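**Q** Quick one: structure below, then a few questions.
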Amino acid sequence: MDVRHSDLDGRRGSTLVTVTILLGTMTVLALIFLRVGQRIGQEQGASLESTHAALLAEAGIAEAIEAVRSGGSGNVGSPDAPAYLGGGVIWVEATDLGDGRTQLDSMAMKDSGRAALRVVVEDEGGGGPAAVDPPNDGFIGMLFSNKHMQLDQNVTVDSYDSSLGTYVSQATNTYGGTTYAGSKGQVQGNSTIQLDNNTKVFGDVHCGPGISPALSGSAYVSGTQTPNAETITLAQIPVPVVLPSAAYAVANNQTKTINPGTYHFLGVTQGKLSTLKIVGPATLVWDAYVTGQSATLELDCTNGPITIYDTGVWSVDKNYVVKPKAGTPVNAAFLISSIGTVQFDQGSKVYVGFYAPNATIQVDQGAEVWGALVADQISVDQGIHFHFDENLRGFELPWDVPVPDPEDDAIDPQILSWSKIEFPVHEYKSDRRDPFTLLQVEKSDLPTPAEAWEDQ
């Protein structure tokens, strides 16, 4: 017997066993990776289909709000007879909560996706375009531009009331991941208005007569989008005639106070990190206003309004702040009669109203506004947050705002809350088949959302 030949056969057998074990291990690992990949793919597919259903549910809410605005009940279709939309089905159930409030539950199914949203709206009535409470012609919304206005992507517009407390204390609502306070952050103009992707306006958007706003991508408007019935005139500013005095200066890091009264300064300057305090009631005419970086203008309107007329140069630097005295409502405005640009640089925080019928107001990225802006033209960078102060509606301005017919009884529902809820129909939630197969219906047999409205 050849010992060497026997050893070689043994080694060959050992190698074969090792290779077999390795191949088996690799096969098992390949099957595991394949299974994990399939599982991840299935989860991603399910997530995408759920997202599609969520978007349809949001569209259902918008349809129901429009139905309420038009005098309907808010009900749109039913679980057994839903409406067809975007390759899926939706229906909305409306519940009267009393005191003018309606709960809207929107359900949507697309492919295997299921989603449900709940919104509570309040009927405030009389909500026609450019509506204000006479006799005051105050600020009617957050933004008003005489010329074309474009809100770049990720801009947010909502409202709050400084007489009721801080904005933060009132920002208790959410929509699409965005926190907001009130839904009266109106955007208006005499020309066209463009809302770019992911811009959200919690309130109405009204263009000039016969013009509808242009919405891109996921832009959202919670209120009406009907055009104004007529052009709104930006009246010129009647600047008070006050005997001028010398220029007024606040040095770097200095704090100075102007007490109640009427003043005319040839110019006002604030150095870097300076603070100028004005106590109302006060009327001031400035022929120019220039600041260094991080200057602060604090307005105390506790005992009366503050009106500042700027007739010349406007130049404020980065991180400029114009704000009310802590704990007091805002009852102040700049009335700017000059031609040029009123610019708020990066980091600026503005808490008052601005009326500039001949100028362009430019808000740079990184600034934020709690107040109201009216101008010949408004230029807005992306990502700006605007919060209309409803307390400024009563501030007297020299313009002529059309007042709607007293007999106008249009319903203007305002969103009070917005939340996700569990999908209510258990059999539809557990059975993830395509909704048309599940309901045994043809797409062509289902009504559109507008056709599925239910009357009051």
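The values are calculated or read from the model by the stated rules, or taken from the named source; none is laboratory data. Note that the coordinates shown come from a computational prediction; the quantities given were computed from them, not determined experimentally. No Cβ is skipped: glycine too gets one built from the backbone with ideal geometry, and neighbour counts run over all protein chains shown.
**Q** Could you please find all residues in region 177-214 being closer than 24 Å to residue 119 by Cβ and surrounded by fewer than 19 Cβ atoms within 10 Å (Cβ to Cβ)? Before you say what the answer is, go through the steps one by one.
**A** Let us first name the residues in region 177-214 that are closer than 24 Å to residue 119 by Cβ, namely 177-187, 195, 197-206, 212-213.
The answer is 177, 178, 179, 197, 212.
**Q** What tally of residues in region 215-253 results from selecting those that are touching a strand residue (DSSP E or B) at 6+ places or on another chain (Cβ under 7 Å), of a type in the set (A, V, I, L, M, F, W, C) and buried (at least 18 other Cβ atoms within 10 Å of the Cβ)?
**A** The number of residues fulfilling the criteria is 6.
**Q** Kindly provide the set of residues from region 262-284 that are over 34 Å from the mean Cα position of the chain (by Cα) and modelled with pLDDT of 95 or more, ordered by number.
**A** Restricting attention to region 262-284, the residues satisfying the condition of being over 34 Å from the mean Cα position of the chain (by Cα) are 262-269, 271.
Within region 262-284, 262, 263, 264, 265, 268, 269, 271 meet the criteria.
**Q** When region 255-274 is examined, which residues are found to be surrounded by fewer than 21 Cβ atoms within 10 Å (Cβ to Cβ) and under 21 Å from residue 345 (Cβ atoms)?
**A** Initial filter on region 255-274 (surrounded by fewer than 21 Cβ atoms within 10 Å (Cβ to Cβ)): 255-267, 269, 271-273.
267, 269, 271, 272, 273 - these are the residues of region 255-274 that are surrounded by fewer than 21 Cβ atoms within 10 Å (Cβ to Cβ) and under 21 Å from residue 345 (Cβ atoms).
**Q** Do you know which of the residues in region 280-297 that are touching a Leu at 6+ places or on another chain (Cβ under 7 Å) and in a strand (DSSP E or B) is surrounded by the fewest Cβ atoms within 10 Å (Cβ to Cβ)?
**A** Among those that are touching a Leu at 6+ places or on another chain (Cβ under 7 Å) and in a strand (DSSP E or B), it is 287.
**Q** Which is assigned to a helix (DSSP H, G or I) and of a type in the set (Gly, Ala, Ser), of 169, 159? Give the derivation first.
**A** Working: 159 fails: assigned to a helix (DSSP H, G or I).
On inspection, the qualifying residue turns out to be 169.
**Q** Also, I was wondering about something else. Return the pair list, or none, for Cβ contacts closer than 7 Å from residues in region 171-194 that are assigned by TED's automatic domain parsing to the domain that holds residue 231 and at negative phi to residues that are surrounded by fewer than 22 Cβ atoms within 10 Å (Cβ to Cβ) and among the aromatic types (Phe, Trp, Tyr), at least 6 apart or on different chains.
**A** none
**Q** For residue 277, which of the numbered conditions (1) surrounded by 15 or more Cβ atoms within 10 Å (Cβ to Cβ); (2) not in a strand (DSSP E or B) fails to hold?
**A** It is condition (2) that residue 277 fails.
**Q** Just a yes or no: is a residue in region 426-436 over 30 Å from residue 88 (Cα atoms) and of a type in the set (Gly, Ala, Ser)?
**A** no
**Q** Same structure again: Any residue at all in region 78-92 that is out of contact with any Pro (no Cβ under 7 Å at 6 or more places or on another chain) and over 18 Å from residue 435 (Cα atoms)?
**A** Looking through region 78-92, none of the residues is out of contact with any Pro (no Cβ under 7 Å at 6 or more places or on another chain) and over 18 Å from residue 435 (Cα atoms).
**Q** While we're here: Does any residue of region 88-104 turn out to be within 22 Å of residue 447 (Cα to Cα), in a strand (DSSP E or B) and among the basic types (Lys, Arg)?
**A** no
**Q** Okay, next question. Residues 317, 300: which one is under 15 Å from residue 282 (Cα atoms) and touching a Gly at 6+ places or on another chain (Cβ under 7 Å)? Steps first, answer last, please.
**A** Values: 317 fails: under 15 Å from residue 282 (Cα atoms).
Selected residue: 300, the only one of 317, 300 that is under 15 Å from residue 282 (Cα atoms) and touching a Gly at 6+ places or on another chain (Cβ under 7 Å).
Table: residues versus (1) of a type outside the set (Asp, Glu); (2) within 30 Å of residue 233 (Cβ to Cβ).
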| position | (1), (2) |
| --- | --- |
| 282 | yes, yes |
| 295 | yes, no |
| 300 | no, no |
| 306 | yes, yes |
| 315 | yes, yes |
| 321 | yes, no |
| 339 | yes, yes |
| 342 | yes, yes |
| 349 | yes, no |
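**Q** Moving on. Please specify each residue of region 300-356 satisfying the condition of being in contact with a Leu (Cβ under 6 Å, 6 or more places away or on another chain) and either farther than 17 Å from residue 398 by Cβ or in contact (Cβ under 8 Å) with a residue 40 or more places away in the chain (or both). Please lay out each step first, then the result.
**A** Residues of region 300-356 in contact with a Leu (Cβ under 6 Å, 6 or more places away or on another chain): 306, 308-309, 322, 324, 332, 353-355.
If the condition is that a residue be in contact with a Leu (Cβ under 6 Å, 6 or more places away or on another chain) and either farther than 17 Å from residue 398 by Cβ or in contact (Cβ under 8 Å) with a residue 40 or more places away in the chain (or both), then 309, 322, 324, 332, 353, 355 are the ones that fit.
**Q** Considering only residues that are at pLDDT below 85 and of a type in the set (D, E, K, R), which ones fall in region 418-450?
**A** The answer is 429, and nothing else.
**Q** If I ask for residues that are of a type in the set (Phe, Trp, Tyr) and within 21 Å of residue 137 (Cβ to Cβ), which ones from region 353-385 would you list? I'd like the intermediate steps shown before the answer.
**A** Here is the first cut: in region 353-385, the residues of a type in the set (Phe, Trp, Tyr) are 354-355, 370.
Within region 353-385, 354, 355 meet the criteria.
**Q** From 415, 384, grab the single residue that is aliphatic (A, V, I, L, M), closer than 24 Å to residue 151 by Cα, surrounded by 19 or more Cβ atoms within 10 Å (Cβ to Cβ) and at pLDDT below 90. Write out each step before concluding.
**A** Values: 384 fails: at pLDDT below 90.
Checking each option against the conditions leaves just 415.
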